[in-house]
Amino acid sequence: MAAGVATAAIVGPIGYLWQDSLLPDTYSAMTMGYADTGGGPSHREHGGGRPVSELTVAAGRRADVSMTMVARFEGGRYTINGTTPGPPVLAARGDLVEVKLVNDNVPAGVTLHWHGVDVPNAMDGVAGVTQDAVMPGESFVYRFRADRTGTYWYHSHQISHEQVIKGLFGAVVIGGARTDTTALVHLYSGGKHTVNGVAADLPVAAAAGAKVRLRIVNTDSGPMDAWTGGPYRLLAVDGTDVHDPAPITGRSVRITAGGRADLEVTAPARVQLGGSPSIVVGTGAPAVGRPSAVVDLLAYGKASPVALGPVTRTFRYDIGRRLGFVDGRPGNWWTVNGHMLPDLPMFEVSAGDVVRMRISNDSGEVHPMHLHGHHMLVLARDGVAATGSPWWVDSLNVADHETYEVEFVADNPGIWSDHCHNLKHAKEGLVVHLMYDGIATPYVIGGRNAPE
Amino acid sequence: MRKTYRILAYVVAAEVVVQAIAIAWFVAGLGNWVTGGGVLDNAAIESDDMAFPELYGLIVHGINGSIVVPVIALALLIVAFFAKIPGGIKWAVIVLVLTVLQGQLGYLGHDYPAAGGVHGLNALALFTVALVAARRAPAREPRPAEAATVGNG
């Protein structure tokens, strides 16, 4: 009798936690978790509202840049128009970009997410939230205005962990010069570290003394350091120019997963990229060891005033880790504000809000946090205020035991993912959503859609 | 039930041995791969990829440690409730506590490498305790006459 009670006392709670963690076959991002209003007015009942599919750029205007991208799975790689990385999207500032994505033979479906480009919500490419995955034989047309210059990239947001590591990505450069070099750094499945898809140094022709802008994109799932021997400057972070960047020597620049850094080097220079091949500008520059110090972007460049206005909502995004079940699988899972998938907060905002967010990490591992559709201004780290150039990010490296204060303006209505860009972690549930008042999604996660 | 208890406790001890073999195999493979020109950086750590076959050692270690061993330890405790072995429940609880501690030390090692060292030490403690627990249970089911004596002891 006592033995039976003791057994029930152990098996009962575990069984309850297990069944409570099971996800339905399909569910809407709108009904996930619990509402967090951040101190602002609560939304009306979800379910009604303008569908995200209507949030597009004005129809009728002719595209300035028009491309077709055919996605295939061949030889263990995902390719676009037969190559990986896919073709770069090169646009001038203000151009209307139109990309027709065609799925030739990817059985699980594909989408394209424009990482760092603040596109209208219907164009964001998150399967199950802003569109359905594009199945074999189907197509989807993405249209957005290239209204901010800078270095960005695109990648699939359907089964993103597998599709990105196996090659479904490419560069987006807005307002680039002909002499710029873009470097997509990627570790393919198979163990090859590559730059622009090649497992060898990337040569850049340049006369001694010439200045070259390198647009470096970290497409992997962990942070990467870039450095070079001579003095260099960090011109832009995540597509936003640094105000008055000073020369750097003896320090490396840390680029988080999904993040970008534009470096200006003087030929000859060898830019080293973590454990990947190097970018060799001109000839004769030697390799140097990785500097132990990293440029602190809180204090890099010159300050310039930014006024976002009074804060109307304040959220916290505290990342932790604990034992439990996610969809019936036991493990040591990520938590947000103490909750595990699917019981995660839904950050409710209204158009025009100025949002303050505290992102902290006590989970034992680094998390590259990526907010879709918006850029965040970093105000402080661990209580130390930013004193350098305004530091705008879409992908923020939040190391273990770090706390960041960021602010952004809610000026792009829709339903936006705010997730870890270690795509394995996203798959394990480190994803929340930013939800605007009066917006609804007709799409569901599950079934054909696995945004991860 | 006593036999089941004994077997489960021995399986926990055997699992500790498997864990040691798996992780040592992985570390040896990693060294061999790096020597052959493989590059280990954060991108490689975060990749799911099988760059060298000994990575299966790490996968086995992870699945065993986070799921299989805790489930066996829990089963041992539940069996202990019914097996009526002197001190059986106590030793099963110790096995379970050391198992949970072992998992937490493993994860904590990502953050504080010293915890990884304690993880190795705790493995030996868990191995020993599991053997002690197994040896508390008689190898054969007691005859009814001696069952009463043992049961009260």
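The values are calculated or read from the model by the stated rules, or taken from the named source; none is laboratory data. None of these values were measured; they are calculated from a predicted model. All Cβ positions, glycine included, derive from the backbone under ideal geometry; neighbour counts span all protein chains shown.
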Failed item in (1) closer than 30 Å to A:Ala426 by Cβ; (2) touching a residue at least 40 places away in the same chain (Cβ under 8 Å); (3) not hydrophobic (A, V, I, L, M, F, W, C), with B:Gly88 passing the rest: (1)
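Kindly provide the set of residues from region A:247-276 that are more than 14 Å from chain B (Cβ to nearest Cβ) and either within 24 Å of the chain's Cα centre (by Cα) or of a type in the set (Lys, Arg) (or both), ordered by number. Steps first, answer last, please.
Let us first name the residues in region A:247-276 that are more than 14 Å from chain B (Cβ to nearest Cβ), namely A:247-251, A:253, A:260-271.
A:Arg251, A:Val253, A:Arg260, A:Ala261, A:Asp262, A:Leu263, A:Glu264, A:Arg270, A:Val271, listed by residue number.
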Residue within region A:225-232 that is away from chain B (no Cβ under 14 Å), under 21 Å from A:His374 (Cα atoms) and modelled with pLDDT of 95 or more present: no
Among (1) surrounded by fewer than 16 Cβ atoms within 10 Å (Cβ to Cβ); (2) of a type outside the set (D, E, K, R); (3) within 14 Å of chain B (Cβ to nearest Cβ), the one test that A:Ser221 misses: (1)
Qualifying residue in region A:408-418 (condition: under 30 Å from A:Gly49 (Cβ atoms) and among the acidic types (Asp, Glu)): yes
In region A:305-334, residue nearest to the other protein chains (Cβ to nearest Cβ) [restricted to those that are within 30 Å of B:Thr99 (Cβ to Cβ) and outside any strand (DSSP E or B)]: A:Gly328
Members of region A:16-58 that are under 20 Å from A:Gly128 (Cβ atoms) and either touching a Lys or Arg at 6+ places or on another chain (Cβ under 6 Å) or assigned to a loop (DSSP other than H, G, I, E, B) (or both): A:Leu22, A:Leu23, A:Pro24, A:Asp25, A:Ser28, A:Met32, A:Gly33, A:Gly47, A:Gly49, A:Leu55, A:Thr56
Residue ranges of strands (runs of 3 or more DSSP E) in region A:394-452 with at least 2 members closer than 19 Å to A:Gly338 by Cα: A:403-409, A:415-420, A:431-436
Scope region A:174-196; condition more than 12 Å from every other protein chain (Cβ to nearest Cβ) and without any contact (Cβ under 8 Å) to a residue 12 or more places away in the chain; matching residues: A:Arg178
Output for region B:12-32, where each listed residue is surrounded by fewer than 19 Cβ atoms within 10 Å (Cβ to Cβ) and not small (Gly, Ala, Ser): B:Val17, B:Val18, B:Ile21, B:Trp25, B:Val27, B:Leu30, B:Asn32
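For (1) basic (Lys, Arg); (2) surrounded by 11 or more Cβ atoms within 10 Å (Cβ to Cβ); (3) under 26 Å from A:Val141 (Cα atoms), each residue gets a yes or a no:
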| position | (1), (2), (3) |
| --- | --- |
| A:Ser21 | no, yes, no |
| A:Thr26 | no, yes, yes |
| A:Arg61 | yes, yes, yes |
| A:Ser66 | no, yes, yes |
Residue among A:Met369, A:Met435, A:Met346 that alone is buried (at least 23 other Cβ atoms within 10 Å of the Cβ), more than 17 Å from the chain's Cα centre (by Cα), more than 14 Å from chain B (Cβ to nearest Cβ) and in contact (Cβ under 8 Å) with a residue 40 or more places away in the chain: A:Met435
Boolean, A:Gly170 is under 20 Å from the mean Cα position of the chain (by Cα) and surrounded by 18 or more Cβ atoms within 10 Å (Cβ to Cβ): yes
Scan of region A:59-95 for residues that are touching a Lys or Arg at 6+ places or on another chain (Cβ under 9 Å) and either assigned to a loop (DSSP other than H, G, I, E, B) or among the charged types (D, E, K, R) (or both), ordered by number: A:Ala59, A:Arg61, A:Ala63, A:Gly76, A:Arg77, A:Asn81, A:Gly82, A:Thr84, A:Arg93, A:Gly94, A:Asp95
Some residue of region B:9-25 being of a type in the set (A, V, I, L, M, F, W, C) and within 14 Å of chain A (Cβ to nearest Cβ): no
Any chance A:Ser66 is over 30 Å from A:Thr314 (Cβ atoms), among the polar types (S, T, N, Q) and without any contact (Cβ under 8 Å) to a residue 40 or more places away in the chain: yes
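Does region A:285-304 contain any residue that is within 13 Å of chain B (Cβ to nearest Cβ) and either out of contact with any Asp or Glu (no Cβ under 8 Å at 6 or more places or on another chain) or of a type outside the set (Val, Ile, Thr) (or both)?
Scanning region A:285-304, I find at least one residue that is within 13 Å of chain B (Cβ to nearest Cβ) and either out of contact with any Asp or Glu (no Cβ under 8 Å at 6 or more places or on another chain) or of a type outside the set (Val, Ile, Thr) (or both), so the answer is yes.
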Residue selected from region A:372-393 under the condition over 18 Å from A:Ile255 (Cβ atoms) and part of a loop (DSSP other than H, G, I, E, B), by the criterion nearest to the other protein chains (Cβ to nearest Cβ): A:Asp382
Residue selected from region A:129-161 under the condition within 23 Å of A:Asn412 (Cα to Cα) and of a type in the set (A, V, I, L, M), by the criterion nearest to the chain's Cα centre (by Cα): A:Val129
Flag if B:Leu105 is without any contact (Cβ under 8 Å) to a residue 40 or more places away in the chain, under 11 Å from the mean Cα position of the chain (by Cα) and crowded, with 19+ Cβ neighbours inside 10 Å: no
